[in-house]
Amino acid sequence: MELNAPPEAAGERLDLFLAGPLGSRTRAQRLIDDGRVLVDGVAKPKRHRLTGGETIAIEDHEPAEAAADDLDVPFAIVFEDEHLLVVDKPAGVVVHPARGHHSGTLAQALEARGAAGGEAGRAGIVHRLDKDTSGLLVVARSDAVHRALKEAIQARTVTREYLALVTGRPPARAGTIDAPLGRDRRERTRMSSDTDTPRQAVTHFEIAEALPAATLLRVRLETGRTHQIRAHLQAIGHPVAGDPEYGTAGDLGLTRQFLHAARLAFEHPVTGVRVELESPLPADLAEALSRARRG
């Protein structure tokens, strides 16, 4: 098994980082103590702190220890065949294991539905949504389909369209935000252009509905950086309503950011058939939109 430590893993203990993919911290520690874990080709102790970007090789012949809550994760399947699934993720569900969320994630639940391909612990996951962002995700059922979908996203042939309610009104009916993003120099939980690790990030938007004090936008991702839509809209002075990190928590009675992955379209990597799917606004966002319309 081989994993790549993402940039956000910087500072995390090796055993804690591996607890999610391996099913438990105890199992991770046992493999590390047995010398069956190499970080960039070198054995490290379980207390080793990652810097992000390392390659972690694991010699592991034991079956994963499934957590009891891995199979009790809410989601809806809106498209399914032998090659892939498209799921509608509710807010509050974490997509894959990460710091503070080692079990009970969407990726672990989808393994029971045949999700496969990609990194261990992230079976079939091609792209992700933040925990409190709802909507559509495509998930592979094989390594070949996972690679093909990843390549399609990199080639920008997958349409990922979101609905976002923002404060105020952008000065144009449509626009493009082209601003590199990375982890903020001062607030490490946030992404911004004030960063030492900038990566290209491009977001397109158009006004779907102008409201008294807010605007409903259709937003299309060209790239897919962490928190991209939220950080980009905050950067142009129109943060997502209810966003506790980039805007004002509690706007319009919201308990999360008003961001929903409403449309997903792509060419099926095996059949070549065009797949186009939509997800309606969840009840909490529909209610907030109703409040915004009343002003």
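The table below gives the values:
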read-out	value
Residues being more than 16 Å from Gly11 (Cβ to Cβ) and in a strand (DSSP E or B) - total across the stretch 183-201	4
Residue within the stretch 223-234 that is surrounded by 21 or more Cβ atoms within 10 Å (Cβ to Cβ), free of Cβ contacts under 8 Å to residues at least 60 places away in the same chain and part of a loop (DSSP other than H, G, I, E, B) present	no
Ala172 vs. criteria under 21 Å from Arg263 (Cβ atoms), among the small types (Gly, Ala, Ser), open to solvent by 40 Å² or more (accessible area, probe 1.4 Å) and not in a helix (DSSP H, G or I)	no
Any hit, the stretch 179-190, residues being of a type in the set (Val, Ile, Thr) and buried (at least 19 other Cβ atoms within 10 Å of the Cβ)	no
Sole residue being more than 22 Å from the chain's Cα centre (by Cα), modelled with pLDDT of 95 or more and among the basic types (Lys, Arg), chosen from Arg230, Arg169, Arg186	Arg169
Residues of the stretch 235-255 satisfying the condition of being open to solvent by 40 Å² or more (accessible area, probe 1.4 Å) and either touching a residue at least 40 places away in the same chain (Cβ under 8 Å) or assigned to a strand (DSSP E or B) (or both)	Ala235, Ile236, Gly237, Glu245, Thr248, Leu252
Every residue from the stretch 1-51 that is free of Cβ contacts under 8 Å to residues at least 24 places away in the same chain and open to solvent by less than 80 Å² (accessible area, probe 1.4 Å)	Ala28, Gln29, Ile32, Gly35, Val37, Leu38, Gly41, Val42, Ala43
Residue in the stretch 157-164 that is aromatic (Phe, Trp, Tyr), crowded, with 19+ Cβ neighbours inside 10 Å and more than 23 Å from Gly253 (Cβ to Cβ) present	no
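The values are calculated or read from the model by the stated rules, or taken from the named source; none is laboratory data. Because the structure is predicted, anything quoted here is derived from the model rather than measured. Virtual Cβ from ideal backbone geometry, glycine too; neighbours counted across all protein chains shown. In case anyone asks, the SASA skips ligands and DNA or RNA and just uses the protein heavy atoms, side chains included. Shrake-Rupley method; radii C 1.70, N 1.55, O 1.52, S 1.80 Å.
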